[in-house]
Structures are given as C-alpha cells and as structure tokens.
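> My questions will all concern the structure given below.
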Amino acid sequence: MTSSDHHKEAIQGLIQTGKYFFDRGWSLGTSSNYSVVLTHTPLTLLITGSGKDKGRLTDNDFVTINEHGQTIAPPGAKSSAETFLHIAGARAPLQTAGLAYTGTTQAPVGAILHTHSVWGAVLSDHFFETGYVPIQGFEMAKGLAGISTHTDLYKIPIFDNTQDIPKLASQVASRYSDPNIPVRHGYLIRGHGLYTWGKNLEEARRHVEIFEYLLEVTGRVLSLKGRLS
Ligand SMILES: [Zn+2]
C-alpha cells in the first residue's frame, strides 16, 4: 500500500469511526478525537482537526502532524486540542499476548481513539480518589488484547482533568510500567473520557467497544446496588 493509499484509508476509517461512536453516544458534538499513525519513524499522525463534529466528519476535517504536535498539512490547519495525548498513545507499549511491547523507536501502535461517554465521565469521577475503575468478573474483558481471564481485577487508571495537556501526556507516559496502576490498554480522564489504542484502527475500535461495555456494565451494577449515590 502506498503512503497515499494509507492516508486515504485512514481518513475513511476515521470518518466511519466518528459516525459509529456518535450513534452510540460516545462522541457527541465536537467532543472526542481520533488518530491513525501514518509513519512510525519519524512519527507522523493523521488526527481529527480542532472542533469538528464527530458524527459528520468529512475528508477535510483531518490534520497531519509530526512528533512535536506541529501541523505538516494542510498548512495552517489546527489539530485537536489534545494532540499530545495522541502522541503519548502512539508511543504506548502495545499489549500483545499478555506481554508489553517495549520497543521505543518503532512504536507498534497504529491508532489512538478518545471518547466522551456518559459512563466514562460518571465512573472516572466517582472512582477518582481510588485512582482506577475496578473491573472484575465480566467476560468481555477478554476482548482487550492479551487478557485471557475475566476473573482478575483489571484497573482502568484515572488521571485528573486538566487543560495542561503536555503535562498530562507526560504523566500518562510515566505510568506505562507503573507497578500499582499501570496504563495498559488505555486510561480515563476524570469527568471527561477514555483514551485507548491498538495495533491498528480495528483493534483500537474494539478496545473502545470493550472499555465502554465494561464501564457501562460496572456502572449499572453499582447503580443497582445503590453504591453510586
Ligand atoms: Zn476529550
């Protein structure tokens, strides 16, 4: 596939992703942002432009950026306000077969997706002091790459919401191999939403589906038990 084909395929894939996530209520209005890695070395990303309606993205709503978050094309276009979180995600150790990939120069992450769902906002706020949303006992956890059992406690890390995105990006990067609450397949920002990624757009979308399912089912169970009050 030529780089031009990859670019076109990435745009079409992200337009479809926006429609799908909007329909599910995970990316309402201009919230959320999505990116696909175009090249790993040097790192370049195709990312949604700032303030674009995610349910109605068009071919012209994307920006190509470099590893410093600077716009490569089109000239003067502004990428998402959370661009640095995508760059951090592109450098995340990819979870495969239960092992964290530790390569640094050749990041294997192919796509990074961010959603603003109701359950992501509710649970990231509710569990903020705990530091993570506890997920346990749900079969669907096995949809996360490298997870083979639903019985282990899985912790979705929560970071405080801030407008200082470069600072948050460095906090996330420092937690990739944290012994207590590691950032593995993704993380939540308090009262805000989810970031996740995958080896390609398909896997990143699956991770969004799995995380959003796990968040909703966890939230509904807690609601039934009266523990969210
Ligand atoms: Zn956001």
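Values in this text are rule-based calculations from the coordinates and carry no lab data. Everything numeric in this text was worked out from a predicted model, so none of it was measured. Here the Cβ positions follow ideal geometry from the backbone for every residue, glycine too, while neighbour counts run over all protein chains shown.
> Being touching a Gly at 6+ places or on another chain (Cβ under 7 Å) and closer than 17 Å to D23 by Cα is the filter here, so list the residues in the stretch 197-206 that pass it. Spell out the reasoning first.
Of all residues in the stretch 197-206, those touching a Gly at 6+ places or on another chain (Cβ under 7 Å) come to 197-201, 204, 206.
Selection gives R206 alone.
> Is it true that some residue in the stretch 16-23 is surrounded by 19 or more Cβ atoms within 10 Å (Cβ to Cβ), in a helix (DSSP H, G or I), more than 14 Å from the ligand (Cβ to nearest atom) and hydrophobic (A, V, I, L, M, F, W, C)?
yes
> Sticking with this structure for a sec: Filter the stretch 25-44 for residues that are within 16 Å of the ligand (Cβ to nearest atom) and either buried (at least 18 other Cβ atoms within 10 Å of the Cβ) or on the phi < 0 side of the Ramachandran plot (or both) and give the result.
Of everything in the stretch 25-44, those that are within 16 Å of the ligand (Cβ to nearest atom) and either buried (at least 18 other Cβ atoms within 10 Å of the Cβ) or on the phi < 0 side of the Ramachandran plot (or both) turn out to be W26, S27, L28, T30, S31, S32, N33, Y34, S35.
> For the stretch 123-161, what are the residues that are of a type in the set (S, T, Y) and surrounded by 13 or more Cβ atoms within 10 Å (Cβ to Cβ)?
Filtering the stretch 123-161 for residues of a type in the set (S, T, Y) gives 124, 130, 132, 148-149, 151, 154.
Residues satisfying the conditions are S124, Y132, Y154.
> Quick check on the stretch 53-66. Is at least one of its residues closer than 17 Å to A204 by Cα and within 16 Å of the ligand (Cβ to nearest atom)? Let's see the steps before the verdict.
Going through the stretch 53-66, the residues closer than 17 Å to A204 by Cα turn out to be 54.
Narrowing further to those that are within 16 Å of the ligand (Cβ to nearest atom): 54.
Yes, there is a match, as at least one residue in the stretch 53-66 is closer than 17 Å to A204 by Cα and within 16 Å of the ligand (Cβ to nearest atom).
> What's the number of the condition R190 fails, among (1) within 14 Å of the ligand (Cβ to nearest atom); (2) charged (D, E, K, R); (3) surrounded by fewer than 16 Cβ atoms within 10 Å (Cβ to Cβ)?
(3)
> Condition check: part of a helix (DSSP H, G or I), among the β-branched types (V, I, T) and either over 21 Å from L38 (Cβ atoms) or within 10 Å of the chain's Cα centre (by Cα) (or both). Does I210 satisfy that?
Against the criterion (part of a helix (DSSP H, G or I), among the β-branched types (V, I, T) and either over 21 Å from L38 (Cβ atoms) or within 10 Å of the chain's Cα centre (by Cα) (or both)), I210 qualifies.
> Something else about it: For the stretch 118-136, check the following and say yes or no: at least one residue is charged (D, E, K, R) and within 30 Å of S79 (Cα to Cα).
Checking the stretch 118-136: at least one residue is charged (D, E, K, R) and within 30 Å of S79 (Cα to Cα).
> Name the one entry in S177, S170 that is more than 16 Å from the ligand (Cβ to nearest atom) and either at positive phi or not in a loop (DSSP other than H, G, I, E, B) (or both).
Just a single option satisfies the conditions, and that option is S170.
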